[in-house]
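K.L.:
Please read through the structure below; I'll follow up with questions.
The values are calculated or read from the model by the stated rules, or taken from the named source; none is laboratory data. It should be emphasised that the depicted structure is a prediction, and the values quoted were computed from it without experimental measurement. All Cβ positions, glycine included, derive from the backbone under ideal geometry; neighbour counts span all protein chains shown. Side chains are part of the model used for accessible areas, which takes the heavy atoms of the whole protein and leaves out ligands, DNA and RNA. Shrake-Rupley method; radii C 1.70, N 1.55, O 1.52, S 1.80 Å.
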Amino acid sequence: MILDSYITARAIITAEQLGIAPLNMLKTIQHAHYVAGKQVNQTEVIEGLAVELGLDKNHWQRAMLANQGAEQTKIAQSRQLMQKLQVTGYPTLILEKHETFVKLPHTAYYGKPDAWRQLIDDYIH
């Protein structure tokens, strides 16, 4: 088994550049992997998912090629943010508001959905 998320990261970046919401591409990739059992680390599988989302195959191929290595930049940015926010575990929830990032203390709110909603509401208002 090969675990390689670089191609999926690049696919999400590319999809966004081509007008597909990043979360839609992520959801499509996760469904293909976890539900349909597809090998999402294979170029042709990712390409098929992009086409399913309405993108032109040739345009997708050119964009993916042009974006080769783009995921490395995003990974470096994520690592810098993780270091800044002292993130060491998974999952970590980070809220962004006006270009300010806040690490959310989600574990303190397990089983307390009303308090969690209030916390989020307080942060965003």
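K.L.:
Please give the charge dipole size of the chain, origin at the Cα centre, charges +1 on K and R Cβ atoms and -1 on D and E Cβ atoms. Round to the nearest 20 debye.
P.N.:
Working: 12 positive and 12 negative charges, 49 e Å.
My answer is approximately 240 debye.
K.L.:
Could you give the radius of gyration (one decimal) and Dmax (whole number) of the Cα atoms in the chain, in Å?
P.N.:
17.2, 48
K.L.:
Once R0 is set to 41 Å, what does the formula 1/(1 + (r/R0)^6) return for the Cβ-Cβ distance between residue 66 and residue 122, expressed as a FRET efficiency to the nearest 0.05?
P.N.:
The pair residue 66/residue 122 has a calculated efficiency of 0.45.
K.L.:
Would you kindly compute the Cα radius of gyration of the stretch 37-97 and its largest Cα-Cα separation (Dmax), both in Å?
P.N.:
Using the Cα atoms of the stretch 37-97, the pair Rg, Dmax is 15.7, 41 Å.
K.L.:
If you keep only loop residues by DSSP, which GluC sites (Glu not before Pro) in the stretch 1-60 have at most 12 other Cβ atoms within 10 Å of their Cβ? Each step should come with its number before you reach the end.
P.N.:
Numbers: sites: 16, 44, 47, 52; in loops: none.
Taking the stretch 1-60 and a limit of 12 other Cβ atoms within 10 Å, no loop GluC sites (Glu not before Pro) are found.
K.L.:
Take the solvent-accessible surface of the protein heavy atoms, probe 1.4 Å, and return the percent of it on the chain that carbon and sulfur atoms account for.
P.N.:
Values: 4810 of 9050 Å².
Result for the chain: 53 percent of the exposed heavy-atom area is carbon or sulfur.
K.L.:
Here is a further query. Of 78, 107, 91, which is farthest towards the positive pole of the stretch 57-125's charge dipole, taken about the Cα centre with +1 and -1 on the beta-carbons of Lys, Arg and Asp, Glu respectively?
P.N.:
78
K.L.:
With a cap of 15 neighbouring Cβ atoms within 10 Å, and only residues DSSP puts in a loop, list the chymotrypsin sites (Phe, Trp or Tyr not before Pro) found in the stretch 82-125. The partial results should precede the final answer.
P.N.:
Numbers: sites: 101, 109, 110, 116, 123; in loops: 110.
Sparse-neighbourhood loop chymotrypsin sites (Phe, Trp or Tyr not before Pro): 110.
K.L.:
Could I ask something else about it? So with the 1.4 Å probe, I'd like the accessible area per residue for the chain, rounded to whole Å².
P.N.:
On the way: 9050 Å² over 125 residues.
Roughly 72 Å² per residue, with all protein chains present.
K.L.:
While we're on this one: Once the Cα gyration tensor of the stretch 77-125 is found, what semi-axes does its equivalent ellipsoid get, as square roots of 5 times the eigenvalues, in whole Å, sorted largest first? Let's see the in-between values first.
P.N.:
Values: eigenvalues 88, 43, 6 Å².
Over the Cα atoms of the stretch 77-125, the semi-axes work out to 21, 15, 6 Å.
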